[in-house]
Each structure stands twice: as structure tokens, then as C-alpha cells.
Amino acid sequence: MLKNKKIAFQLSFFILTFTTLIFIAVFAYDYFVSREFLLRNVEVNAKNLTNSAANKIESVLLAVQKIPHNFARMLENSTYNEEELRSMLNSLVAGNPEISGGCVAFAPNAFVPALEHYALYSSRNASGEVSVNNIGGASYEYFYMDWYQLVKELDRPVWTEPYYDEDAGNAVMSTYSAPFYRKIDGKKVFRGVVTVDISLEWLENIMASIKISESGYGFLISQFGNIITHPRRNWIMNESIFTVADEYKAAGLRQLGRRMIKGESGFAPVTNAQLGLDCWIYFVPLKSSNWSIGVLIPSKELFQDLHTLMNIIIVFAGAGIFALFFVITYISNKVTKPLNELASITKIVGAGDFDAKIPEVSSRDEVGILNNSFIQMQKALKEYILNFELTTKAKEKIQSELKIARDIQMGIIPKIFPPFPKHPDIDIYAVLQPAKEVGGDLYDFFFIDDELLCFAIGDVSDKGVPASLFMAITRTLLRAKTIKGMKPAAVLKSMNEALCQDNESAMFVTFFMGILNLRTGALQYANAGHNPPFFMRKDFKVEEFPKPKDMPLGIIERDYNDFDAKLEKGDSIFLFTDGVNEAISNDGGFYGDPRLVAALNKAAGQKPRGITNLVLDELKDFTRGAEQSDDITIMGVRYF
Amino acid sequence: MPKKFFISMSGSDRLAAGKTNVFFASLAGILLAVIFAAGVLHAQTPLKKAVFVPQWLPQAQFAGYYMAYETGLYTRHGIDLEILDSGFKTPSARMLEEKKADFVTMQLSEAIERRSKGLKLINIGQVSQRSALVIIAKKKNGINSLKDLNGRRLGYWRNDSPGPLQAFLKKNNLSVEIVPITSTVNLFLLDGIDAIVTMWYNEYYRILGSGIDEEELSVFLFFEHGMNLPEDGIYCLEETFSRDPQMCRDFVIASLEGWASAFAREEQAIEIVLKYMNRAHITANRPHQRWMLSRMCDIISPAGMKRPIGELDESDYNRVASMLREYKIIETIPDFKSFYMNKAAGDVKK
């Protein structure tokens, strides 16, 4: 389809398409590389921020962890009564303002054998006073509380899941609980736990200090995914990252949560339409408590600058492509305008107006060269046509002269058949078909007296006008030199002498001449290099004349030989030129003597006209429309 | 020290719940007519004061009662109801015993045990028809089938009756070490125990809500392993029933209507439950309560149940009681006819 469009369109289409494609490729590459680059930068930034927050939190948690650890070591390495224990516990809370409470909880019957439950809890009230109470008892089965049971069963210290403490003003708290042991018979036996409670309010300040992008924020989740800090305060202690993911059908968020609680760190995208989330989250674990910090950066803000830049690039590129369109259109119009004009002029010139003015093109580019070539061509055409007209006129004149020559040539050979209505004892039929307008073949027959019939056939060595002139001379000589009483050889000798004189064109003619005595049937003949004719006997036999020994006429002066033959009534003679047996078919083969003999056999018994026509028909079939290569002459003579 | 704890997290089985919702929507329609008639009936009479204590803190396990209360069903049935919170410190059975509550909910096994030990309580409506007990284990610890539990440490709520678990273990020929636990699944999450016996409607979701995927868990529901023990039912003292059988009947009808309404209007019911949870300062989130309500629907009206909701099947009763006797928790099986006096279920059926 494009092939039919104008060059301007094709140029615009291809150039703009490829330019756009190249632009898109470059743009896409640039976008993704920049995006990756930006992400890596933001990741580093987020990582630093998050790690910094994590370190701050860790430093507090680790410091707090040391308190029960030291206390536990003290319990393991010393003896104490209840009074001393109460005092120690009081000091523990009073001396560590960062903790709001501390507890020593003994395993069943471990402290006082008679008492199953024994757990001293020291806490600070609102006015800062520290008190110590035994909280163990049937109504508070602390053995099954996480702060006791997890430590005992897992045999390691734990940070409990954060919880709301109504007594501490609904603060979010967490308890760190460490085991202590006693050696009995060299074996380490679990004896209880030492716990400290801390408020996690300070966590909020640290998390709130994480500022990244415009509205990015940090959040903290526990080892089970429960939300400890988050800007959406109603999620704190109510939701876990997994319940939020469930509520909002955010599978990606759940996957992220699983990575976070496994203690992994990383940078991952999370999107959820319901939650309005389209962000990247950097996350890092807190080793001490197995909690995890996440820092969320909205993608929109993350890529805002990039998107602004890309939008500008798109606008510029769009404008560039638009401008390019006009430039291409301008250039292609500049190129095609002279071409179009040239095309119009060419039509006019083609219609025959060779004087039509081709506009000059000043440029020397391809269009200029083409234009000049056209101007040259126009001039050349003009001259050619002029010459052509002259030549055509000349040729036409020659043609017409040739036609006249043909008429004349045809006029000098007898063409009325049967030629001698008053002589029923003889029938002659002859045909001459020149290969060109005029030919070099000839035949002739005439009575010398009442009894003697002279007949002859000849073939000039060339074709065309020179041959036809030579033929006319030959025929004229035949009539002039044939004098009653002369034998054929004498006639030929006389003709040959005449032809040899001043024969500068070195032409010659093969010639057969016979004189038939109609009364006796005696035939005298001489053959100057011509194809031997055939006898067609009345008994249907076809016999070839003897091969000629004498040279054609017009070459050199010499003597010729006479031959005698006898015709019975009903015999015929078939004479021809080499245009018959040397006729060439389309595939280059010669007609040849055998075919000719076969044709003559087929024609046996027929009259000269019949024989002649049959041979002509056979030739026509054989050559199948191939151009006639030589003059064809056939003559049949029948004697009755 | 932790005085509070999480009770929560996500889930979904809304297809099953959806089907039953259609049932309950139509049931709610029928009940509305009853309500209207009852309302007219009671319009003239002064409201009777009553106290109701569910057996645990507010959650969707009791959505029907809160829904009935919030939508005025109790008032329409002539009861001026007060709902008190339950919990460790104030178990509903004790509230009933101390006559601080007129109506309570309780598990069937606990109620039979209490009655056999002399507390004159009666069942006036059996809400749960199916055991919600489930054993959950992690596949990563090599537990894929029940027999894999042999020799493992199994966490079990220490306040719960040991009967159902013992019966389950015996029936399935299992020998395990039982680790008593309270209130959290954290020991299970931290692999301190290999498996946990807990409630399908509650802690199962808490485990999912702690980041463990369903595919990572092996789940053995009691009722799917030949141990169908109906659980929550509505109880009052015999004397309350003798004094005012009409009120007992009205309470049960209003409560069952509340359940039908909660299943038909799930989101509204969850909203109400969350309100009560917030009021009680317990951790609460919507997906967990939605999961719980859907599971309650499966338990209260299991697919294919023929009898009307609220009815206690005598064979269920005998199975639970026999099990208790087998484990020497009770000595004699209390008479079914004197234990179960539901005057409401039939009416609801009408």
C-alpha cells in the first residue's frame, strides 16, 4: 500500500516511525536505569535511617536486658531471705527509672517449699513510689503466663508480645524475662524468672523521627507481626500486618510480613488498591527482640522527580517529532516538486510536444542531474525523431521503388497458365516467390518454332535488388541468344560470355535450359551448375537428372555440354531452385532432397499445377511460418 | 507484667457462611413475625430485669447476643437485659452460682460437670451443635497426620475440661505430653510445643494472623475425627426457670433471633462485636471477628442439620456425659429431662 503513497508520506512515515521507536527504546532504557539508580539511592537512604532507628532501639532494649540478667546472676550466686529479696527488688526498680516494674517469679515451691506460688512484683506508682508485693497465688497462675512459661519452656530469655497496661495509663508495654537457675548436684535446675517491664512510648518518638520523602513513615511489628507502632494508631495492638493484609486482600503485604518476622532485611514493593498502598518498604530486624522495623516510602514520591523529568522529556520528544514531521515534509516537497513538474512535462513531451519547456533546476544534486538529463534527452529525442522522419521517407520511397521493381520483375516472366492453349501436347505451370521484394530466381519458356519449346530455370548467387537486376539481364540474354538451330550448350556459352564481361560485382547464376521437340519428345538440355531437375515418368517413377558438371554462368568464359533425353507422352519434368530443397524450418533443419522426392512420388500423375501446389504446401508445413530464407521457384513441364 | 493479651486475627470461609446466610435471612424473616407478635404481647407488661454473662470476653463467639441486645430483641421480648463481661476472674458458671447472672452461656461438658456436682443449672437452649475444638500443628515439625502426634508436646487450655481431649486421644489411640497453657498461642508459634488444642473459630485465625500460612499447618478438627461434642449453650438456674419459664423462653428466642440476624447481617454484627471489644479494652480486629462469625455459623447451623437451631440432641448429651463419666469427671449422668428444658426451640421451629 505504501508503494502507492507519495514520497513525502513515505519519508515521513518511515522516519517518524523509526525515530519514535528509537526514542521509546532510549526512553524506556533511561527510565528503568534511572529508576533502578533512584531505588538503590533510596534504599541506601532508607537503610541508613532504619538502621539508625534500629540501633537506637536496640541500645535501649539491650541496656534493659542487662538489668534482669545481672539480677538473675545475683540470685544464682548468693543466698537471700524474703526481706532481702524485697529490698533488692525495690532497688532494682527504684534504681532504673527506665523500667516501670520488675518481678522475681519462682518455680512452684522453689522459694518457700510450702508455697506453690511465689512471685514478688515491684512497681512504681504514679507518684514515683516503689512498692513490692507478692502477686502469686491460685487466682494468678503465673506459671502459665507468657513471661514465665515461654522462658521456662524455651529455656531462654524472651521479650513478651507488647501489651496495653491499663494500670500504666494504657501505655504499650513489653516485658523482658530472663531465667535463673540453681545448681543441684552439679545440675542446672530452672528456678524462676526475673522480669522487667518497660513502657514502649519512647519507641514512638524514635519511629516518628524516621522521616523519608514527603509522607514516608516507619512502623514496628512484633515477632508475630503485631503492630507496635504505626501512624494509624487504632491499628496498634489490634492488628497484625497479616490481619491488615487479610482485611485488604493484600497478598504482597502478607509475604512482606513473613519475611519481616523471619528476621530478614530487604527492600520490596507493596501495592494494594484497597489500602491505597503503592510503596516500597525497607525492613530490618531488631535482633534483641525479634521485632522488625519497616520504613514505607510511597512510590509516587519515590519516583516523583523521575516522573517529572520523564514527562518533560516526553513533551520535548513529542515537540521534536512534530518539528521533524514539518522538516521532512518541507525537504521532501522541495525534492519532489521539480520531479512532479518534470513528470508533467514528460507527459507532454511523451505526447509528442518536443518543444515543451523543461524548467531549469539550479541545484546540482540528483534532481538537478536528472533534470539536465531530461533536457539532454529531449534534445536527443527531437533530433532522433527528425532523422527518423527523413529516413522513413527515404525508406518509403525505396519501398515504393522496390514494389515497382517487383512488378517489373514479375512482368518479365510468363505468368499466364496454361501458357499455350493452342498446344494441347504441352502443359507448363511455374511459381516464383522472392524472399524479399525482388528476387534473383528466374524461369522462362517460349517456342523457338512450332515444334521446339525452350524452357529454363536459374538462380542468381545473391538476393535482392542486385540479384534481380542480374536475373533480368540473364533472362534478356536467354531470349536474345536463343536462335533457332542452336543447341542449349551454345546458348549458355553465348550467355556466359555476355555475363562475364564487366561483371565487377562478381555475381553468377546457376542455369538450366532445355529444348523439347514436341513432335518426337526428344529433349536437349544443358546445366550450368543448377540443381538437377526430376523426371516424373508416366509410370510414376521419379528420376533425377544427372548431376551438372558445368559451372554457373558469369564466372569465367568456357564451353558447356549438351545432354540428350527422351520424354514419352505423359512424362513430366520438375524444375526447382535451391529455395525448395534448402528451405529451413523453425528448428534449423533443411527440407532436403529425400523429402522432395517423397513429395514428388506423392504427386505422381498430377498436372504441373497440382505438383507445384503440393510441393508448396509441403514446404509451408515444413517451415511453419519461419521466415523465407531464399527465393523459391518451381516449374513443371508435362508432355502429352 | 502482661495483664492483657491478644485475642485475635484473619481468615475466610465465606462461601459456606454465605449459604447459611440465605437460610438465616429467611429464618430472620419468620422470626420477625414472632418478634412482632411477642412485642405486641409484651407491650403492656413492664420489662423484666435480667443479667446475662457469656462465658468469655466479648467476641464474635457471642455475636448473636450482642446483636439481639443492640437491635432491641430482648426488649421486644419483655426483658430489660444487662450483659456483663466474663473472663478469668469472673467465669460465667460462678456468676450463675452466685446468682449474679440470670442467664449464662457455658460449654455443654462444663455444664454437665457443674450439675453433677450439685449446681442446679439447666440448659434452656443448645446453641452450638458441633465441636470447635481443633488440634493444630506445623507441618515443618513433621506432623502431617494424627499418628504423628504420638510422643509430642500438646498445648491445652488448663482451664478447660480435660474430658474432650482425653476422649479424643483415646479414640484415636494417641499418647502425648500435655502442656497446660493459658490465653496465648505464642508458645506454639515459638515451637515450645509441637501442637495446640484450641478453638477453630478463634486461635486458628490468630495463628494465621501471626504469619503462618494455612498450607503450613496440619489441622485436625474434633468433629471430623469422630468427636462431635456440642459446646456453647444457654443456661439458667432451675429456680429461675421455675419462677419465670416465660422469661427463659423469651430470652432463648430473642437470643436465637439475634444469631439469625447476625448471620444475615454479618458486617453489622461484626461492627457491634468490635464496639463491645473496644469497650472492654481488648485487642480487636475486623478480619478475625469476621472469621469467627463465619465459623460460628458453621457450628450453630452445620450444613445438613435437620433439627431447629437451639435444640439439644439427647444422643449428643449422652455422648458428652458418658465421656465425662468415663474420665471420672462425673460419677453419674444427670437425667436429660431435668437437665434440658428448652421451651423455645419448638416455638422457633413453628
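The values are calculated or read from the model by the stated rules, or taken from the named source; none is laboratory data. Values in this document were obtained by computation on a predicted structure and should not be read as measured data. All Cβ positions, even for glycine, are placed from backbone atoms using ideal geometry, and neighbour counts span all protein chains on display.
Enumerate the strands (runs of 3 or more DSSP E) found wholly within the range B:60-133, keeping only those where 3 or more residues are surrounded by 22 or more Cβ atoms within 10 Å (Cβ to Cβ).
On the way: elements: B:79-83, B:103-107, B:121-126.
Because the criterion is at least 3 residues that are surrounded by 22 or more Cβ atoms within 10 Å (Cβ to Cβ), the strands (runs of 3 or more DSSP E) in the range B:60-133 that meet it are B:103-107, B:121-126.
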Seminar exercise, completed: Of A:ILE369, A:ILE321, the only residue that is in contact (Cβ under 8 Å) with a residue 12 or more places away in the chain, surrounded by 11 or more Cβ atoms within 10 Å (Cβ to Cβ) and part of a helix (DSSP H, G or I) is A:ILE321
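Looking at the range B:286-296, can you tell me whether even one residue there is part of a loop (DSSP other than H, G, I, E, B) and either within 30 Å of A:PHE242 (Cβ to Cβ) or not hydroxyl-bearing (Ser, Thr, Tyr) (or both)? Don't jump to the end; show me each part of the working.
Within the range B:286-296, the first condition is being part of a loop (DSSP other than H, G, I, E, B), and the residues that meet it are none.
There is no residue in the range B:286-296 that is part of a loop (DSSP other than H, G, I, E, B) and either within 30 Å of A:PHE242 (Cβ to Cβ) or not hydroxyl-bearing (Ser, Thr, Tyr) (or both).
Within the range B:191-202, take every residue that is outside any loop (DSSP other than H, G, I, E, B) and out of contact with any Ser or Thr (no Cβ under 9 Å at 6 or more places or on another chain) and give me the one that is farthest from the other protein chains (Cβ to nearest Cβ).
Residues of the range B:191-202 outside any loop (DSSP other than H, G, I, E, B): B:195-199.
After this cut, where a residue has to be out of contact with any Ser or Thr (no Cβ under 9 Å at 6 or more places or on another chain) as well, the list is B:196-199.
On the way: B:ILE196: 13, B:VAL197: 15, B:THR198: 14, B:MET199: 17 Å.
Residue satisfying both the conditions and the ranking: B:MET199.
Can you tell me which of A:PHE622, A:PHE545 is among the aromatic types (Phe, Trp, Tyr) and in contact with a helix residue (DSSP H, G or I) (Cβ under 9 Å, 6 or more places away or on another chain)?
On the way: A:PHE545 fails: in contact with a helix residue (DSSP H, G or I) (Cβ under 9 Å, 6 or more places away or on another chain).
Of A:PHE622, A:PHE545, the one residue that is among the aromatic types (Phe, Trp, Tyr) and in contact with a helix residue (DSSP H, G or I) (Cβ under 9 Å, 6 or more places away or on another chain) is A:PHE622.
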Problem set entry | Condition met for B:GLU98 (among the acidic types (Asp, Glu) and free of Cβ contacts under 8 Å to residues at least 24 places away in the same chain) | yes
Exercise. Can we say B:LEU73 is away from chain A (no Cβ under 14 Å), of a type outside the set (Ser, Thr, Tyr) and farther than 18 Å from B:ALA262 by Cβ?
Worked result: no
Exercise. List the pairs whose first member sits in the range A:550-567 and is closer than 12 Å to A:VAL509 by Cα, whose second member is part of a strand (DSSP E or B) and among the charged types (D, E, K, R), and whose Cβ atoms are under 9 Å apart, counting only residues at least 6 apart or on separate chains?
Worked result: A:PRO552/A:ASP459
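Which one of A:GLU82, A:GLU43 is charged (D, E, K, R), on the phi < 0 side of the Ramachandran plot, modelled with pLDDT under 90 and touching a strand residue (DSSP E or B) at 6+ places or on another chain (Cβ under 7 Å)?
Details: A:GLU82 fails: touching a strand residue (DSSP E or B) at 6+ places or on another chain (Cβ under 7 Å).
So the residue among A:GLU82, A:GLU43 that is charged (D, E, K, R), on the phi < 0 side of the Ramachandran plot, modelled with pLDDT under 90 and touching a strand residue (DSSP E or B) at 6+ places or on another chain (Cβ under 7 Å) is A:GLU43.
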For this session: From (1) touching a residue at least 40 places away in the same chain (Cβ under 8 Å); (2) crowded, with 24+ Cβ neighbours inside 10 Å, pick out the condition that doesn't hold for A:ASN527.
Result: (1)
Exercise. Among the candidates B:GLY304, B:GLY226, which residue alone is without any contact (Cβ under 8 Å) to a residue 24 or more places away in the chain and either surrounded by fewer than 24 Cβ atoms within 10 Å (Cβ to Cβ) or away from chain A (no Cβ under 12 Å) (or both)?
Worked result: B:GLY304
Exercise. Of the conditions (1) in contact with a Lys or Arg (Cβ under 8 Å, 6 or more places away or on another chain); (2) more than 19 Å from A:GLY101 (Cβ to Cβ); (3) within 10 Å of chain B (Cβ to nearest Cβ), A:ASP165 fails just one. Which one is it?
Worked result: (2)
For this session: Sort through A:SER332, A:SER400 and tell me the only one that's in a helix (DSSP H, G or I), small (Gly, Ala, Ser) and closer than 30 Å to A:VAL438 by Cα.
Result: A:SER400
For this session: Tell me which of these B:LEU165 doesn't satisfy, since it passes every other one: (1) crowded, with 21+ Cβ neighbours inside 10 Å; (2) in the same structural domain as B:GLU311 (by TED's automatic domain parsing).
Result: (2)
For this session: Please go through the range B:234-254 and pick out each residue that is closer than 24 Å to B:ALA321 by Cβ and buried (at least 24 other Cβ atoms within 10 Å of the Cβ).
Result: B:ILE234, B:TYR235, B:CYS236, B:CYS248, B:VAL252
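Quick grid of which residues meet (1) more than 12 Å from chain B (Cβ to nearest Cβ); (2) basic (Lys, Arg); (3) without any contact (Cβ under 8 Å) to a residue 12 or more places away in the chain; (4) in contact with a Ser or Thr (Cβ under 8 Å, 6 or more places away or on another chain):
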residue	(1), (2), (3), (4)
A:ARG156	no, yes, no, no
A:VAL172	no, no, no, yes
A:LEU203	yes, no, no, yes
A:ILE221	no, no, no, yes
A:PHE224	no, no, no, yes
A:PHE242	no, no, no, yes
Problem set entry | Failed criterion for A:ILE212 (all others in (1) among the aliphatic types (A, V, I, L, M); (2) out of contact with any His (no Cβ under 7 Å at 6 or more places or on another chain); (3) within 11 Å of another protein chain (Cβ to nearest Cβ); (4) closer than 23 Å to A:PRO269 by Cα hold) | (3)
Problem set entry | Unmet criterion (only one of (1) modelled with pLDDT of 90 or more; (2) assigned to a loop (DSSP other than H, G, I, E, B); (3) basic (Lys, Arg)) for A:LYS484 | (1)
Problem set entry | Subset of the range A:128-150 that is at pLDDT below 85 and more than 18 Å from A:THR175 (Cα to Cα) - its residue that is nearest to the other protein chains (Cβ to nearest Cβ) | A:SER139
Exercise. Could we say that A:ILE314 is surrounded by fewer than 16 Cβ atoms within 10 Å (Cβ to Cβ), out of contact with any helix residue (DSSP H, G or I) (no Cβ under 7 Å at 6 or more places or on another chain) and part of a helix (DSSP H, G or I) here?
Worked result: yes
Problem set entry | Filter result for the condition that a residue is farther than 23 Å from A:GLY605 by Cβ and of a type outside the set (Gly, Ala, Ser), over A:ARG519, A:ARG537 | A:ARG519
For this session: Please enumerate the residues belonging to the range A:24-65 that are in contact (Cβ under 8 Å) with a residue 24 or more places away in the chain, among the charged types (D, E, K, R) and within 20 Å of A:ILE297 (Cα to Cα).
Result: A:ARG35, A:GLU43, A:LYS47
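Are any residues in the range B:154-190 under 30 Å from A:ILE261 (Cβ atoms) and part of a loop (DSSP other than H, G, I, E, B), and if so, which ones?
First pass over the range B:154-190, keeping only residues under 30 Å from A:ILE261 (Cβ atoms): B:154-160, B:165, B:176-190.
Listed by number, the residues that qualify are B:ARG158, B:ASN159, B:ASP160, B:VAL176, B:THR182, B:SER183, B:THR184, B:VAL185, B:LEU190.
Looking at A:ILE206, A:ILE212, can you tell me which residue is under 60 Å from the mean Cα position of the chain (by Cα) and β-branched (Val, Ile, Thr)?
On the way: A:ILE206 fails: under 60 Å from the mean Cα position of the chain (by Cα).
It is A:ILE212.
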For this session: Report yes if some residue within the range A:390-399 is under 52 Å from the mean Cα position of the chain (by Cα), touching a residue at least 24 places away in the same chain (Cβ under 8 Å) and within 30 Å of A:SER344 (Cα to Cα); otherwise report no.
Result: no
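Go through the range A:572-639 and tell me which helices (runs of 4 or more DSSP H), entirely inside it, have 1 or more residues that are of a type in the set (Val, Ile, Thr) and within 21 Å of A:PHE446 (Cα to Cα).
Numbers: elements: A:578-581, A:593-603, A:608-623.
Result: A:608-623.
In the list A:ALA126, A:ALA138, which residue meets the criterion of being farther than 17 Å from B:LYS89 by Cβ and either of a type in the set (Gly, Ala, Ser) or free of Cβ contacts under 8 Å to residues at least 12 places away in the same chain (or both)? Lay out the reasoning, then the answer.
Details: A:ALA138 fails: farther than 17 Å from B:LYS89 by Cβ.
Answer to the selection: A:ALA126.
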